[in-house]
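What follows is a set of notes on a single structure, which appears directly below.
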Amino acid sequence: MLRTETSKLLYHDYAARMPVIDYHCHLSPKEMAEDSHFINLTQAWLYGDHYKWRAMRANGVDEKYITGNATDWEKFEQWSVTVPYTLRNPLYHWTHLELQRYFNIPAILNEHSARTIYDECNALLDTKEFSPRYLLQKMNVQVVCTTDDPVDDLRFHKKISDDDFSIKVLPTFRPDKAMNVSDANAFNNYINKLETVADIEINDFKAYIDALKKRHDHFGTMGCKVSDHGLEKIYADDFTMMEIKSIFLEIRTGKQLSVEDQRKFQSAMLLIFAEWDCEKGWIQQFHLGALRNNNTRLLNQFGADAGCDSIGDFSQAVTLSKFLNRLDEKNNLAKTIIYNLNPADNEVIATMTGNFNDGSFGGKIQWGSAWWFLDQKDGMTHQINALSNMGLLSRFVGMLTDSRSFLSYPRHEYFRRILCGIFGEEIENGELPDDISWTGKIIQDICYNNAKTYFDF
Ligand SMILES: [Zn+2]
């Protein structure tokens, strides 16, 4: 990826040395709090990694060896058979970068090398330098933001912060379940949990909002500065508070809501959460465009995040515009990061973010890094190019892992190499001036400094 001398110089002298601020991921706070060792590479690498599961299924591997009851070694063996077939998929690069950067193993993983690599990695995982906390320190991580539900009691975050761990591990307020009213039963069960954790009896909409606000405040006291929403699209229907109150009472009786009422409720909740975020000076994130749980067989067998989600084709622009504008008009628009899953929405989001900057902060409204299915060379290059063409790449807060695995941090290196590849080539072909110190500064800003000032953790 560093095809020119200038790219190499920019990467090695500027990008590589910058620490990592991982402002969005799905690491387990419990695993960081307990800091216990991984039993083996399968548990550290394959448990919970639906990217790998999809590749194994695509390669014809039986579910028994993916999420089923095969032994950990058998699962690893099937993964090692699959890896050579992932050529040109980012998994191929990630897998070998991870073997090199964490375990210092330069070998190619395949069925012949599998046993040696498995044993070598397991022996290392058994040492204290390979606990979750050490793995983060090894990758020069400064901040980790996990993804947490409002009903989470955050006791693991408390434990980590009480331990004076050198890396900040902060919660993120992600209230997807608090606004998902598509299933009355699931929503009411969720409210039961909220009643307990917030210690508020919830008989009407006001009590519901009071309870959620109490959790928002509590997250704030635990160092949370970021919210996140995973949505097909932004909902921005018109509604009155009278309507929302009666919709809430209706669903509390266990009755299924009409789609129209669901949309009104979600639209109201999004605005309320956004106002709280603005009040507290938090950053709000929106992950838009996934079509989830497409395969009922896998969903029933395993639950959500089984690796049967894909890119949806929801219409994004109109409601996103209406939502951001509603907030901007009332001076309630927090710093915002918008991530699209459908690459067809790249330019839509790149241009939409430019509508709502207000001079209060450079790069206030961000187009988030290429995400999930787009988190690869082609997807990142497209995002970087569209952002350069339609906005200010120089103000970009850059990469995040969005991963469930402690071994995913080389993805930052992957991103940095792509970024330096692009700048280096354009300097060498004369499109950009041969000003290494300014370009190096911009690269360091994108890799680290912008996120540091933007989030101010
Ligand atoms: Zn995520």
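The values are calculated or read from the model by the stated rules, or taken from the named source; none is laboratory data. All of these numbers come straight from a predicted model, not from anything done at the bench. Neighbour counts run over all protein chains shown; Cβ positions are idealised from the backbone, glycine included. For accessibility, only protein heavy atoms count, side chains too; no ligands or nucleic acids. Shrake-Rupley method; radii C 1.70, N 1.55, O 1.52, S 1.80 Å.
Each 20 Å bin from 0 upward holds the following percent of the Cα-Cα pairs of the chain: 23, 57, 20, 0.
Stick to the Cα atoms of region 286-357, pair each with every other, and give me the Kirkwood hydrodynamic radius in Å at one decimal.
Every distinct Cα pair counted, the radius reaches 13.9 Å.
Each 10 Å bin from zero holds the following percent of Cα-Cα pairs in region 34-173: 11, 36, 32, 19, 2. Protein-only accessible surface at a 1.4 angstrom probe places the residues 329, 260 in the order 329, 260, largest first. Ordered by solvent-accessible area of protein heavy atoms (1.4 Å probe), largest first, the residues 455, 165 come out as 165, 455.
Only helices enter the 222 nm calculation for the chain: every DSSP H run of n ≥ 4 contributes -39,500 (n - 2.57), and dividing by all residues gives -14500 deg cm²/dmol, rounded to 500.
Accessible surface of residue 157, taken over heavy atoms with a 1.4 Å probe and every protein chain present, rounds to 0 Å².
Near residue 302: Cβ cut-off under 15 Å, other residues only, Lys/Arg at +1 and Asp/Glu at -1. The net charge is +3. Using alpha carbon centroids, what distance separates region 353-398 and region 1-68, in Å? That distance is 23 Å. Bridgeable lysines around residue 206 (alpha carbons under 18 Å apart, same-chain partners fewer than 8 residues away excluded): 177, 193, 214, 245, 264. For region 83-137, the fraction of C-alpha pairs farther apart than 19 angstrom is 31 percent.
For residue 5, what charge total do you get from the other residues with a beta carbon under 15 Å from its beta carbon, if Lys and Arg give +1 and Asp and Glu give -1? Here the charged neighbours net out to -2.
Computed over region 124-244, relative contact order equals 26 percent, with contacts defined as Cα pairs under 8 Å that lie 6+ residues apart. Evaluated over the Cα positions of region 132-247, the convex hull gives a direction-averaged projected area, one quarter of its surface, of 8.9 nm².
For the set 139, 390, the ranking by accessible area, highest first and with no ligand, DNA or RNA atoms included, is 390, 139 under a 1.4 Å probe. Annotated for region 1-116: lysine pairs at least 8 residues apart or interchain, Cα distance under 25 Å, count 5.
The solvent-accessible area of residue 162, taken with every protein chain present and a 1.4 Å probe, is close to 100 Å². Protection proxy ranking of 230-238, 79-87, by the mean of other Cβ atoms within 10 Å over each peptide's residues and highest first, is 79-87, 230-238. Among the protein heavy atoms of region 388-428, carbon and sulfur supply 42% of the accessible surface, probe 1.4 Å, non-protein parts ignored. If you take all other residues with their beta carbon under 14 Å from the beta carbon of residue 453, and give Lys and Arg +1 and Asp and Glu -1, the sum is +4.
Using DSSP to define loop residues, name the chymotrypsin sites (Phe, Trp or Tyr not before Pro) in region 351-405 whose beta-carbon has at most 12 other beta-carbon atoms within 10 Å.
Passing sites in region 351-405 are 361.
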